[in-house]
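Colleague: Sharing a structure with you now.
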Amino acid sequence: MMEVTKSRKKDGSDPEKPEWESYTEIETLNSMEPIWQRARQNVTDAEYAKFYEDKFRDFDAPQRIIHVSAEGAVQYKALMFIPSKAPFDYYTRNYERGLQLYSGGVLIMDKCADLLPEFFQFVRGVVDSPDLSLNISRELLQHDRQLKLIEKNLEKKIKADLIKLLKDDREGYEKFWKNFGRQIKYGCAEGYGVNRELLSDLVMFYSSTRKKPVTLEEYVAGMKEDQKYIYYAVCESPEKADRLPQTETLRESGTEVLYFTEEVDEFVAQILGRFKDKEFRSVLDGEVSEEAEKKASEASDAHKAVFDFVKNVLGDKVREVRASARLKSHPVCLAAGEGLSFEMEKYFKAVQPDAGIKAERILELNCDHPVFAALEKAVSGDEERAKKYAKLLYCQALLIADMPLEDPSEYTDLVCELMV
């Protein structure tokens with residue numbers, strides 16, 4: 001309702017030359033009750049879908065509807081939607097996050113970003129609180145205590161709804177994760193893990209044994225009794241990860257490995273550190289068990305002369321050359337030293353190409369492979385040939401790790417020389 005100024009003929013004025021006067025009256029501009037003010041049971045799904053389509057110009061029905069009516073320290077009503085697919089501009093700088101903010105049915109702000117944390121920015125909807133001032137400025141909103149309370153409450157409501165979706169509709173949650181999972185991962189990694197406790201229950205990674213995404217809770221529940229670590233492998237795709245030499249032994253033993261296929265995944269593992277007291281461990285950067293480490297150490301001591309020779313040939317290209325107990329049918333692989341992994345090196349090279357940030361390279365050789373036997377024989381009988389073997393194995397290790405060859409021409413020349 002609004003006070004409206006209108007015009008009318010003055011009483012007793014000449015009909016031929018009427019005189020007009022202005023007056024005001026209260027007029028009902030809209031008699032409809034906003035959909036978010038109505039009780040949940042009084043609104044049909046069709047009405048929600050129609051409102052969502054009209055309000056947000058999305059012709060696909062929302063995947064989830066979250067209707068909130070809260071009273072207490074702050075009073076508000078909220079109607080939020082999780083889209084059934086990501087907007088076309090979602091992962092661009094042009095995407096504007098935020099909920100529409102009302103006070104007593106009057107729009108205050110069309111996109112209030114302070115109502116949602118960034119990791120839930122895919123949520124659309126409206127919030128209406130009579131406790132907010134109509135003439136509050138954007139600057140004051142950022143420091144408003146009531147707005148902060150609403151934001152925290154909405155965060156909990158969205159998290160609870162996603163957990164419910166995960167439990168009640170696994171296929172639906174996997175669809176949601178495909179659309180917006182990356183955003184949840186970024187939320188885990190941002191701010192040095194300030195949100196990790198909130199979001200770790202929602203995170204999913206691709207499983208080597210189940211061939212689909214699994215939660216960390218599901219992974220830990222399926223671990224073997226004597227398994228100490230949450231194993232993961234960083235690779236471009238699950239298909240490539242299945243062919244990695246470092247995962248072969250674990251896969252054949254039936255041990256589940258999480259495949260990290262997005263650049264943010266390893267940062268998430270670093271930030272989380274552990275889940276349910278189980279530490280994350282990369283299968284690409286070291287032996288996967290104490291028994292394997294002991295076996296590899298014994299093999300390194302037994303063939304010390306070979307490893308010293310290869311290290312001298314490669315020089316500062318590698319920090320160390322050692323035996324590997326995790327390789328089975330492959331002769332060689334490359335491991336990263338402590339700190340920076342190869343995937344992190346690739347990331348930093350993409351964003352800071354001139355920084356020169358590199359992971360330490362450790363060359364691992366399979367002492368049970370026929371290639372190692374040929375190398376050992378050459379070391380004792382034909383040093384020039386052994387040098388070519390050492391360089392060739394290093395190049396092969398780089399290729400397996402999806403790292404660029406330092407000199408592709410040298411590699412092709414080595415292959416040709418050893419073929420004749």
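Colleague: Any idea which residue in segment 339-396 is nearest to V310 (Cα to Cα), counting only those that are charged (D, E, K, R) and in contact with a strand residue (DSSP E or B) (Cβ under 9 Å, 6 or more places away or on another chain)?
Modeller: Initial filter on segment 339-396 (charged (D, E, K, R)): 343, 345-346, 349, 354, 358, 360-361, 364, 368, 376-377, 382-385, 387-388, 391.
Add one more test, that the residue is in contact with a strand residue (DSSP E or B) (Cβ under 9 Å, 6 or more places away or on another chain), and what stays is 343, 345, 360-361, 364.
Values: E343: 25, E345: 24, E360: 16, R361: 13, E364: 11 Å.
Applying the filter and picking the extreme gives E364.
Colleague: Next up: For segment 1-54, which residues satisfy the criterion of being in a strand (DSSP E or B) and aromatic (F, W, Y)?
Modeller: Once the filter is applied, which keeps residues that are in a strand (DSSP E or B) and aromatic (F, W, Y), segment 1-54 yields W20, Y23.
Colleague: I would also like to ask the following. If we scan segment 61-70, do we find a residue that is assigned to a loop (DSSP other than H, G, I, E, B), of a type outside the set (A, V, I, L, M) and either surrounded by 14 or more Cβ atoms within 10 Å (Cβ to Cβ) or in contact (Cβ under 8 Å) with a residue 12 or more places away in the chain (or both)?
Modeller: Yes, segment 61-70 contains at least one residue that is assigned to a loop (DSSP other than H, G, I, E, B), of a type outside the set (A, V, I, L, M) and either surrounded by 14 or more Cβ atoms within 10 Å (Cβ to Cβ) or in contact (Cβ under 8 Å) with a residue 12 or more places away in the chain (or both).
Colleague: Scan segment 213-226 and tell me whether some residue there is over 24 Å from V332 (Cβ atoms), more than 20 Å from the chain's Cα centre (by Cα) and crowded, with 16+ Cβ neighbours inside 10 Å. Explain how you work it out, then say what you get.
Modeller: In the first step, residues of segment 213-226 are kept if they are over 24 Å from V332 (Cβ atoms); the result is 213-226.
Remaining after also requiring more than 20 Å from the chain's Cα centre (by Cα): 221-226.
From the residues that got through so far, the ones that are crowded, with 16+ Cβ neighbours inside 10 Å too are 223.
Yes, segment 213-226 contains at least one residue that is over 24 Å from V332 (Cβ atoms), more than 20 Å from the chain's Cα centre (by Cα) and crowded, with 16+ Cβ neighbours inside 10 Å.
Colleague: Check off (1) assigned to a loop (DSSP other than H, G, I, E, B); (2) of a type outside the set (D, E); (3) surrounded by 20 or more Cβ atoms within 10 Å (Cβ to Cβ); (4) touching a Leu at 6+ places or on another chain (Cβ under 8 Å) for F122 and give me the number that stays unchecked.
Modeller: With respect to (1) assigned to a loop (DSSP other than H, G, I, E, B); (2) of a type outside the set (D, E); (3) surrounded by 20 or more Cβ atoms within 10 Å (Cβ to Cβ); (4) touching a Leu at 6+ places or on another chain (Cβ under 8 Å), F122 is out only on (4).
Colleague: Okay, next question. Residues that are surrounded by 15 or more Cβ atoms within 10 Å (Cβ to Cβ), of a type in the set (A, V, I, L, M, F, W, C) and in contact (Cβ under 8 Å) with a residue 40 or more places away in the chain: find the helices (runs of 4 or more DSSP H) completely inside segment 227-296 holding 3 or more of those.
Modeller: Of the helices (runs of 4 or more DSSP H) lying wholly inside segment 227-296, those with at least 3 residues that are surrounded by 15 or more Cβ atoms within 10 Å (Cβ to Cβ), of a type in the set (A, V, I, L, M, F, W, C) and in contact (Cβ under 8 Å) with a residue 40 or more places away in the chain span 265-272.
Every number here is computed from the coordinates shown, using simple stated rules; none is lab data. Owing to the predicted nature of the structure, the values given are computational and were not obtained by experimental measurement. Using ideal geometry, Cβ is built from the backbone for each residue, glycine included, and neighbour counts are taken over all protein chains shown.
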